[in-house]
Every structure is written in structure tokens, then in C-alpha cells.
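Have a look at the structure below, then the notes.
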Amino acid sequence: MDTNTTSYTPLPGDPFLSGPPETPRRPLKVFAVIFASVIFLMSLVALIINQGPPQQDGHHHEKQSASTASSETTSFSRLPRGIAQGVSAKSNPSFSDEASYNWTNAMLSWQRTAFHFQPERNWMNDPDGPMFYKGWYHLFYQYNPDSALWGNITWGHAVSTDLIHWLYLPLAMVPDRWFDANGVWTGSATILPDGQIAMLYTGSTNESVQVQNLAYPANLSDPLLLDWVKYSGNPVLTPPSGIGSTDFRDPTTAWIGIDGLWRTTIGSKVNKTGISLVYTTTNFIDYELLDGVLHAVPGTGMWECVDFYPVSINGSTGLETSVNGPGVKHVLKASLDDTKMDHYAIGTYFVENNTWIPDDPKIDVGIGLKYDYGRYYASKTFYDQNKERRILLGWINETDTETDDLEKGWSSLQTIPRTVLFDNATGTNLLQWPVEEIEDLRLNSTEFSDVLVEAGTVVPLDIGTATQLDIFVDFEIEVLEAESVNGSVGCGDGATDRSTLGPFGILVLADETLSELTPVYFRVSNSTDGDITTHFCADETRSSKAPEVYKTVYGDQVPVLDGETYSARVLVDHSIVESFAQGGRTVISSRIYPTEAIYGAARLFLFNNATGVNVKATLKIWQLNSAFIHPFPLDQI
């Protein structure tokens, strides 16, 4: 099946006003059962394939010619892709002049992940309109069907029964109308009480003006939601007075107030102040802009991909987007165009005047907490009514060059979906954790108890191949000398920057000689007044010998409460490493492109580079299978 063709066909009329027409489609329950039953067998085969380097002649992607790569990267060194079109940068211009490493087909093939979602080929960015509908999780995503570089943005579409194994479907929407001629950009789905689905999305018009459009399924009885109708009266919203024509994008999932009106918020800016505008509607066609803004933070610049949702301060389940009242806080998140980071804050939503106030103004949106302190952007949540949880999806782009991406034929991936809960132990942050379904990929496990890692040492862990792992590790420290004030602050200059109480952690994707390695570590610091702070960090600076790859040190402070060990969970999947500290209080995603530590040469180590403590480590490590991610067999339904 060619998933690069769209099933979208313009339909006459506007059935959304009275409800989309329903035409029967053969039920998919039988196929879903068959699909679930074959996943394990098929993914075993995939795991075997992924355990060794491919034959050079059997490289799985289609190479583009050198002339094509050259022509497509001509503008790379002048201006990042996307800037001129009114969106955030979609390339890394600062590294365009670096000589490309002499990548082999085996190296590039290894970079392809085994259990993270990514298209079969080409470019992908923001997740769009995620939802659970009639037994299937739906993921739409920004996609270029023609190239591994950003541009010609359409909506790709995939479905899953468990958020891990995915089936590609035909394109959902393409830029074929004047109101989205320059791109079908980010949008969100709202499932209405009567079962209808309103998909609001940003279109870049034929004159590059950002407008909001409505689309809806042509057939609500179709669990796959294959066909979509664009409302003929689009756009339903245009930039209001005082808002720039390229500063008005990314509508959220709508929520309904006590007055019966639906509300959605859209990101923008006024000068250097990031803002979120609020509109009300009764039918998702006619809107009223409310006075004021939901929230504004000076100095934070353009807010993209705004998200707004409730969390329970005492519960262990997610909340539907319209929930409010006692025991509920609201999360406001914005992707900052200026920093290319996803910032969030927790606060209170006042429905009376449609404003939101942060609990702590010192950690307001854009100046405090981040979803992820690594390579991560344009995230979106949805309420999973199937399991009563809120799910977070995020885009992780590449940190190599466009030339490298053209060579391998693809670019970017989505994180493992994460659950989101309020951390009632600290009362100040969220907890993010990989969805429980990832555990179905676990194969054999290895456990280590109380492994002593003395100051200044590295300890190898004999687990075999270390490219697809789920690692749980707990550290306890034993102070060797009188406490002193550390010279290093935060993550320091990386894992080689020694101090009294750190760093200590694990080395992932390391080769046997440690010529390539990626430390994921804790650094504990004390001060003259006795305060102790802990930072959780990932150091990419020695992760690859390739000169053109962007490498840095990521991290930030993580709360460690009395009685807690220093604990982390790390998912390793070839070129992506997702690290979660203290139950998900601080999260870091890293893109890693080793040249030596690949396939069977990848190893796992413990390390302790502190000068004043020994550490004891207890670990449980699972090898992970590959996910089943393939085209949907539409000819079988």
C-alpha cells in the first residue's frame, strides 16, 4: 500500500452542520484480533533483523543523488528552513559547513529506531489530533511525502491498538485549498458529546497568512477515520486586529464551560510577550474572541503548539479536558519559538473570566519548568478515555545535517507516548512516564544488586547487545570525606567535570574502549548553608565521532525527597535515548549517532566520576523487542 497518497476527496456540502453522513464499513474487530495475535511473531522477526548490520547491497531506503542533496541544501547555511514561512526553524544551519562523516549504509540503517514511531521515509514533525476512537489510537503528524527535509506539509496518519505497534494509513489531508495551500499545519481534535469530531488546524494560505480551519470525518462509522472533509467555509478564524499574519497558530483541543460554550486557545505574541488567545463557539464554525488573554508572559516570544488541560492533585488517573473544580489544577504549556523548548507551568483556571494564573510566578510558562530538557518540541496531549489517562506525545528531530538526512532518507521521530500526572509529593511539577504498553516489548532481563562503583571508576555491565533497552537504576551514595562546597554548578561541563558528590550514573551506547559513550547521570551539589540540590543530566559531547553532529550537555535540577534514592529509568532505542529521573520529575531526550558503538559493539557501563563518594547501584535491565510498525493492510477489510 502506498501511504504517500491521500484518501482525502473534497466532498460537496457541509455535513458537519448536521453531522457527517455515515456509510457502513466492514467491522474491523476480526482484523484487530488477528493483528494483535501476530504482533509478537512478527516483531520477533524484526528483532532478529535489527540485531545485526544489514548487507550493504540490501540497504532499505532509497538514496537520493548527490546532486539532489546539494540542491536541497543550498539555502541551509543562509536561513533555517521554516523561518521564512512563519514557523520555527526546521534545520540546523550552524552545522551546515561541517564536513559530513563518511557514513556507511550499516551506520545509517542502525540509526533507524526499533520501537519509536516514525514514517517509512521522509520528513516528520509535530504530532496532530491524537485521539482514541472506536478501538484505535489515532496519530496524525506533520509530514513531507516528497523529501526528508521540511516542506510541503501534509498530514500523515497512523493507528494503533496499544500506542506502541503502529499501522500507517493514507495521508489524511493535503495542502490543496487556498486556505492551506502553503501547509496543513498543527491541529487538535475534539470529540463532541454526540460523537462528532471537530478537527481544528492551522493552514498557511496562498499568501502565507496563518488561519484556523475546520475538518471532520466523512464517515463516523469508520474506526480508521480514513476520509476527511474540509469545511467549505474555511477559514473559520483569521488573525485578529493587532496580531501578525504569521503569529496565529496551533489551536488546542476545545473544552466546554459551565455556560455551555466551547473554548479553544491559540498561541501568538505581542512584540516579545507570548500570549494565548481564547475563543468561544457553539458549533466550531462561528467564534467570538474573548477580551484579554488566557495568559501572557513578557519576554517569552511567540507561543506555538499551546496545550491546556486539567490534572488531579490527588488522583492517579487523567482528566477529560473540560473537567474543573475542587482538587483540580490546570497545566498551561507552550512551545517557545525563541528557545525551541516546551515549557509548562501548573496553576489555576478561573472560568469566570477565562484566565489562568500560575501557582508560582517565578516558574511561569517559558521561564521555569520544561517537559523535556533535551531534544524535544511541539508536544501535544490527549485524554485517553479508554484507560482514563492523559497521554503526551512529542516530536524529536535530528541533530545531524540535512545532507545526512537525505542520505538516510528520513528525518525525525515521535517519543514513546507518556502518561502525565500531577506530582503530589512535591506539589510543583508533573510526572511523565512511558505508557505501560512498552512493557509488552520486554524480553529477557538482567539484575544487578548493590554494585559498588568507587570514586573515579567505570564498571562494565554484562548484558550483551545494548541498543534496545529498558533500564531501571537506583543509586545510593557513601560519603568518603568531609563535605565540601562543590565548584561545579548544575550539570557542569559534562560527565568529565568532577566534583565532590558527582557525577555518577550510567554510560549508554558506549563501545568497549569508551571511545564513544553517552553518560546519563546525577550531580549532587551542596552549599555553605547546607542546601543540597541534585541535577539530572545527559552528556552527548562524546557520543559520536562524526564532526557534523550537534552534541551538547542537557539537564536540569530534579527534586529528590527525604528517603528517596537517586533513581532513573532510561529507554535506549538506537539513535534515541529517553531518560526519566525520580519517577519522571525531570526528563531528557537525546539523539545519538555513534560510529563505533552500534549493533553488537554497543555496551552499557556504570560510572562514578565523583571525588568524594562511592556509589552502590541496583539495576534491572530488559532487552526490548522491536515494535510492529507497517502499512495497514487495507485490502483485507
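Read the figures in this text as sums done on the coordinates, not as results from a lab. Bear in mind that the values here come from a model prediction, so they are computed numbers and not experimental data. Here the Cβ positions follow ideal geometry from the backbone for every residue, glycine too, while neighbour counts run over all protein chains shown.
I need the calculated FRET efficiency for the pair Ser208 and Thr339, taking r as the beta carbon distance and R₀ as 25 Å, to the nearest 0.05.
Details: r = 24 Å, r/R0 = 0.95.
It comes to 0.60.
Between Lys272 and Ile357, the modelled label-to-label distance comes to 2.7 nm, taking each label 7 Å out from Cα in the direction of the beta carbon. The slack in the chain from Lys545 to Asp176, taken as 0.36 nm per residue of separation less the alpha-carbon distance, amounts to 128.5 nm. The lysines whose alpha-carbon is closer than 23 Å to the alpha-carbon of Lys134, local same-chain residues fewer than 8 away aside, are Lys29, Lys230, Lys380, Lys387. Calculated FRET efficiency, Asp194 and Thr317, Cβ-Cβ r, R0 30 Å, to nearest 0.05? The calculated FRET efficiency here is 0.75.
The distance separating the Cα centre of the stretch 328-378 from that of the stretch 548-566 comes to 20 Å. The distance from the alpha carbon centre of the stretch 100-126 to that of the stretch 202-276 is 32 Å, rounded to a whole number.
Two-decimal Rg/Rh of the stretch 118-434 from alpha-carbon positions, Kirkwood Rh? Please list the in-between numbers first.
Numbers: Rg = 18.2 Å, Rh = 19.6 Å.
On the Cα set of the stretch 118-434, Rg over Rh gives 0.93.
Taking only the C-alpha atoms of the stretch 405-464, the Rg (one decimal) and the largest Cα-Cα distance, Dmax (whole number), read 18.5, 47 Å. Multiplying the residue separation of Gln636 and Ile83 by 0.36 nm and removing their Cα-Cα distance gives an extension gain of 194.8 nm. Charging the Cβ of each Asp and Glu at -1 and of each Lys and Arg at +1, and nothing else, the dipole of the stretch 118-434 about its Cα centre rounds to 460 debye.
For Lys408, the lysines whose Cα falls under 20 Å of its own Cα, not counting residues fewer than eight places away in the same chain, are Lys63, Lys90, Lys545, Lys551. The stretch between Ile532 and Glu436, if pulled fully straight at 0.36 nm per residue, gains 31.3 nm over its current Cα-Cα span.
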